[in-house]
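Report on the structure given below.
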Amino acid sequence: MIGEEQKQDLRTVEQIIDDMSLFDDDLMSMVFDKNKEAAELLLRIILKQDDIQVESVVGQREFKSPVVGGRDIRLDIWAKDGTGKHYNVEVQQRPEGAHIRRARFNSSMMDSRMLKEGQDFSELQDSYMIFITRTDIFGQGIPVYTINRRFEGSNELFDDGSHIIYVNGAYKGDDAIGNLIHDFSCKDASDMYYPELAKGMKHFKEEGGRKYMCEAVQNYAEKYAEQKAEIARLNGLLDAVKNLMESMKWSAEQAMAALKISDADKDVLLKEL
């Protein structure tokens, strides 16, 4: 028998899913995963290239750092077209999630995986780092910001094949990109313009795929709860160490030894002291 607390948890999960749009990366990644039609539509509209043919598309692709202790990244969408060009598409609710140096980092992580041993650098394919942001983070009011390297002085294109693009999610134009952004904001598939997106949205919010969304939301909630509990535990230890240091005039090492704090926790706490 399901208790009242569990029923409330289930209702909360269901409400979260009902409120989701394609600006939520979990839903967006599921809708686009292996969905070549949706990926082609997205890329053709943003890049204004009607001939893009997507060869493969994966949602939630993880790239491990080649450096020990280096930062890994998880891509919302990673796609490749028939010419070998690579695309990373990220949705971001908050401006800080689309920091310009994150674009540089993600782009470099894509590039580092394109060449195999012995290949010439001229074989490196074009890469596109695309952020779809909820707000107009550059404040210029245009729908799409395209960034390419150029020579200073002549303004001639430095055609190294690296492209960074920001899509302004606050744009309301009556055109293809405006309709695309409208669809990304929709919570109901019936309100969407593009059937390529509506089909995936309907599947994961109203049909058989909804159970996978429920699992994803529950897993996220559990991980978030674990992270909060761990932060609370470490903050409690930090306060105890500070109190001993102040009251006993001890060093941090002495206080942590008295509290029998583990070596792993010591490393974390010392950075905060």
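The values are calculated or read from the model by the stated rules, or taken from the named source; none is laboratory data. Bear in mind the structure is a predicted one, so any value in this text is a computation, not a measurement. Glycine also receives a Cβ, built like all others from the backbone with ideal geometry; neighbour counts cover every protein chain displayed. These area figures cover heavy atoms from the full protein model, side chains too; ligands, DNA and RNA do not enter into them. Shrake-Rupley method; radii C 1.70, N 1.55, O 1.52, S 1.80 Å.
At pLDDT 85 or above and surrounded by fewer than 19 Cβ atoms within 10 Å (Cβ to Cβ): does that describe Asp9?
So Asp9 does not fit the description; no.
Is it the case that Leu43 is in contact with a helix residue (DSSP H, G or I) (Cβ under 8 Å, 6 or more places away or on another chain) and either in contact (Cβ under 8 Å) with a residue 24 or more places away in the chain or assigned to a helix (DSSP H, G or I) (or both)?
When the stated conditions are applied, Leu43 does not pass them.
Yes or no: Ile142 at pLDDT 95 or above, aliphatic (A, V, I, L, M) and touching a Leu at 6+ places or on another chain (Cβ under 8 Å)? Don't jump to the end; show me each part of the working.
On the way: at pLDDT 95 or above: yes; aliphatic (A, V, I, L, M): yes; touching a Leu at 6+ places or on another chain (Cβ under 8 Å): no.
Answer is no for this residue.
Which strands (runs of 3 or more DSSP E) does region 72-137 wholly contain that include 1 or more residues that are in contact with a strand residue (DSSP E or B) (Cβ under 9 Å, 6 or more places away or on another chain), touching a residue at least 24 places away in the same chain (Cβ under 8 Å) and among the polar types (S, T, N, Q)?
86-92, 127-133
Quick one: in region 119-133, which of the residues that are touching a helix residue (DSSP H, G or I) at 6+ places or on another chain (Cβ under 8 Å) and hydrophobic (A, V, I, L, M, F, W, C) is most open to solvent (accessible area, probe 1.4 Å)?
Within region 119-133, the first condition is being touching a helix residue (DSSP H, G or I) at 6+ places or on another chain (Cβ under 8 Å), and the residues that meet it are 124, 127-133.
So of that shortlist, the ones also hydrophobic (A, V, I, L, M, F, W, C) come out as 124, 129-132.
On the way: Leu124: 61, Met129: 0, Ile130: 0, Phe131: 0, Ile132: 5 Å².
Of everything passing the filter in region 119-133, Leu124 is most open to solvent (accessible area, probe 1.4 Å).
Being among the hydrophobic types (A, V, I, L, M, F, W, C), modelled with pLDDT of 85 or more and open to solvent by 40 Å² or more (accessible area, probe 1.4 Å) is the requirement here; does Ala221 meet it?
no
Sort out which residues of region 172-198 are more than 23 Å from Lys85 (Cβ to Cβ) and either of a type in the set (Lys, Arg) or open to solvent by 50 Å² or more (accessible area, probe 1.4 Å) (or both), and write them in order of number.
Those that are more than 23 Å from Lys85 (Cβ to Cβ) and either of a type in the set (Lys, Arg) or open to solvent by 50 Å² or more (accessible area, probe 1.4 Å) (or both): Lys172, Asp174, Asp175, His182, Lys187, Asp188, Ser190, Asp191, Tyr193, Pro195.
From the residues in region 59-118 that are surrounded by fewer than 16 Cβ atoms within 10 Å (Cβ to Cβ) and of a type in the set (Ser, Thr, Tyr), which one is nearest to Tyr145 (Cα to Cα)?
Within region 59-118, the match that is nearest to Tyr145 (Cα to Cα) is Ser108.
State whether the residues of region 206-213 include one that is at pLDDT 85 or above and open to solvent by less than 40 Å² (accessible area, probe 1.4 Å).
Within region 206-213 (the criterion being at pLDDT 85 or above and open to solvent by less than 40 Å² (accessible area, probe 1.4 Å)), the answer is no, since none of the residues qualifies.
Could we say that Phe63 is modelled with pLDDT of 90 or more and within 19 Å of Ala98 (Cα to Cα) here?
No: the conditions fail for Phe63.
Check every one of the helices (runs of 4 or more DSSP H) wholly within region 154-273 and list those with 3 or more residues that are in contact (Cβ under 8 Å) with a residue 24 or more places away in the chain.
The qualifying helices (runs of 4 or more DSSP H) are 176-185, 195-206, 210-248, 263-270.
Within region 48-71, how many residues are among the hydrophobic types (A, V, I, L, M, F, W, C), farther than 24 Å from Ile181 by Cα and in a strand (DSSP E or B)?
1
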